[in-house]
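S.K.: Structure below; questions to follow.
The values are calculated or read from the model by the stated rules, or taken from the named source; none is laboratory data. On a predicted model such as this, the values are computed, not experimentally measured, just so you know. Neighbour counts run over all protein chains shown; Cβ positions are idealised from the backbone, glycine included.
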Amino acid sequence: DAGVTQSPTHLIKTRGQHVTLRCSPISGHKSVSWYQQVLGQGPQFIFQYYEKEERGRGNFPDRFSARQFPNYSSELNVNALLLGDSALYLCASSIWTGINQPQHFGDGTRLSIL
Amino acid sequence: TQLLEQSPQFLSIQEGENLTVYCNSSSVFSSLQWYRQEPGEGPVLLVTVVTGGEVKKLKRLTFQFGDARKDSSLHITAAQPGDTGLYLCAGAGAGGTSYGKLTFGQGTILTVHP
């Protein structure tokens with residue numbers, strides 16, 4: 001079975017632009033979470049979606065938004081990009097939103113802002 | 001805000017040595033997960049500990065969850081070069097926070113020299 005797939009793998013943008021990152025969860029997984037990992041740090045939680053509804057939001061500005069589609073895939077959108085948005089964006093899927101549900105991560109999208 | 005302090009941040013050892021990585025918090029977590037991440041890849045789940053005082057072994061890796069569920073440790077016996085990587089601890093939120101949200105530590109970069 002395929003793991004969590006993310007696209008694109010790398011992306012270069014300039015300040016002020018917007019970006020859309022995509023994630024396909026493992027087949028049968030209904031929950032998708034997004035994390036931002038800045039170089040040298042651990043991932044930081046951005047959003048969690050389950051059954052197309054937002055179930056959790058981290059401490060990120062409104063420039064960050066996301067949605068989940070009927071097939072459980074997800075998109076993360078970031079508007080008005082800043083240099084500080086340069087990071088590895090990780091998507092993780094789990095079967096549901098239970099506290100101790102293991103989360104399976106994709107290999108991320110490396111976003112560079114010039 | 002739930003924070004996880006992970007130490008040490010960097011660890012450089014010789015093959016065959018033992019090591020311990022610590023993960024501490026002032027908050028109680030429902031579970032603690034340990035991940036390993038290699039360059040260019042997403043984190044891969046190693047283990048989940050759920051019960052206070054729980055000890056789990058995975059070959060040469062031993063994971064322990066503190067009695068109060070506020071801290072955890074990862075001990076590696078007879079480290080090998082293949083153990084090189086970034087080790088991350090992550091706590092699953094307890095009551096009142098997003099069930100699926102993981103709070104990550106800063107990570108420990110382990111280098112094992114042959």
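S.K.: What single numbered condition from (1) farther than 12 Å from B:ASP71 by Cβ; (2) touching a residue at least 60 places away in the same chain (Cβ under 8 Å) fails to hold for B:LEU4?
M.R.: (1)
S.K.: How many of the residues making up the stretch A:34-54 are surrounded by fewer than 19 Cβ atoms within 10 Å (Cβ to Cβ) and either on the phi > 0 side of the Ramachandran plot or under 14 Å from the mean Cα position of the chain (by Cα) (or both)? Explain how you work it out, then say what you get.
M.R.: From the stretch A:34-54, those surrounded by fewer than 19 Cβ atoms within 10 Å (Cβ to Cβ) are A:38-41, A:44, A:51-54; that's our starting set.
Filter once more, keeping what is either on the phi > 0 side of the Ramachandran plot or under 14 Å from the mean Cα position of the chain (by Cα) (or both): A:38, A:40, A:44, A:51-52, A:54.
Summing the residues that are surrounded by fewer than 19 Cβ atoms within 10 Å (Cβ to Cβ) and either on the phi > 0 side of the Ramachandran plot or under 14 Å from the mean Cα position of the chain (by Cα) (or both) in the stretch A:34-54 gives 6.
S.K.: Still on this structure: Inspect the stretch B:46-53 for any residue being more than 10 Å from chain A (Cβ to nearest Cβ), in contact (Cβ under 8 Å) with a residue 12 or more places away in the chain and on the phi > 0 side of the Ramachandran plot and give the result as yes or no.
M.R.: Yes, there is a match, as at least one residue in the stretch B:46-53 is more than 10 Å from chain A (Cβ to nearest Cβ), in contact (Cβ under 8 Å) with a residue 12 or more places away in the chain and on the phi > 0 side of the Ramachandran plot.
S.K.: Then there is this: Could you say whether any residue in the stretch B:3-18 is over 26 Å from A:ASP107 (Cα atoms) and surrounded by 15 or more Cβ atoms within 10 Å (Cβ to Cβ)?
M.R.: Looking only at the stretch B:3-18, we keep the residues that are over 26 Å from A:ASP107 (Cα atoms), and these are B:13-18.
Going one step further and asking which of them are surrounded by 15 or more Cβ atoms within 10 Å (Cβ to Cβ), we end up with B:13.
Yes.
S.K.: Out of (1) within 11 Å of another protein chain (Cβ to nearest Cβ); (2) among the polar types (S, T, N, Q); (3) surrounded by fewer than 18 Cβ atoms within 10 Å (Cβ to Cβ), the odd one out for B:ASN24 is which?
M.R.: (1)
S.K.: Go through (1) over 21 Å from A:LEU88 (Cβ atoms); (2) in contact with a Lys or Arg (Cβ under 8 Å, 6 or more places away or on another chain); (3) facing another protein chain (nearest Cβ under 10 Å) and name the single condition B:THR77 misses.
M.R.: (3)
S.K.: In addition: Of B:GLY40, B:GLY91, which residue is crowded, with 21+ Cβ neighbours inside 10 Å, small (Gly, Ala, Ser) and either within 24 Å of A:GLY40 (Cβ to Cβ) or within 14 Å of chain A (Cβ to nearest Cβ) (or both)?
M.R.: Being crowded, with 21+ Cβ neighbours inside 10 Å, small (Gly, Ala, Ser) and either within 24 Å of A:GLY40 (Cβ to Cβ) or within 14 Å of chain A (Cβ to nearest Cβ) (or both) holds for just one of B:GLY40, B:GLY91, which is B:GLY91.
S.K.: Now, a different point. Among the listed residues B:VAL21, B:VAL28, B:VAL47, which satisfies the condition of being hydrophobic (A, V, I, L, M, F, W, C) and in contact with a His (Cβ under 9 Å, 6 or more places away or on another chain)?
M.R.: Selected residue: B:VAL21, the only one of B:VAL21, B:VAL28, B:VAL47 that is hydrophobic (A, V, I, L, M, F, W, C) and in contact with a His (Cβ under 9 Å, 6 or more places away or on another chain).
S.K.: Also: Restricting to the stretch A:72-111, give me the number of residues that are within 8 Å of another protein chain (Cβ to nearest Cβ), in contact (Cβ under 8 Å) with a residue 12 or more places away in the chain and in a loop (DSSP other than H, G, I, E, B).
M.R.: Of the residues in the stretch A:72-111, 6 are within 8 Å of another protein chain (Cβ to nearest Cβ), in contact (Cβ under 8 Å) with a residue 12 or more places away in the chain and in a loop (DSSP other than H, G, I, E, B).
S.K.: To continue, here is another question. Conditions first: (1) part of a strand (DSSP E or B); (2) modelled with pLDDT under 95. B:ARG69 passes all but one, so which condition is the exception?
M.R.: If we test B:ARG69 against (1) part of a strand (DSSP E or B); (2) modelled with pLDDT under 95, just (1) comes out false.
S.K.: Could you please find all residues in the stretch B:4-18 being more than 12 Å from the chain's Cα centre (by Cα) and more than 11 Å from chain A (Cβ to nearest Cβ)?
M.R.: B:LEU11, B:SER12, B:ILE13, B:GLN14, B:GLU15, B:GLY16, B:GLU17, B:ASN18
S.K.: Still on this structure: Being closer than 27 Å to B:GLU38 by Cα and either more than 13 Å from chain B (Cβ to nearest Cβ) or crowded, with 19+ Cβ neighbours inside 10 Å (or both): is that true of A:LEU114 here? Before you say what the answer is, go through the steps one by one.
M.R.: Numbers: closer than 27 Å to B:GLU38 by Cα: yes; either more than 13 Å from chain B (Cβ to nearest Cβ) or crowded, with 19+ Cβ neighbours inside 10 Å (or both): yes.
Spelling it out, A:LEU114 is indeed closer than 27 Å to B:GLU38 by Cα and either more than 13 Å from chain B (Cβ to nearest Cβ) or crowded, with 19+ Cβ neighbours inside 10 Å (or both).
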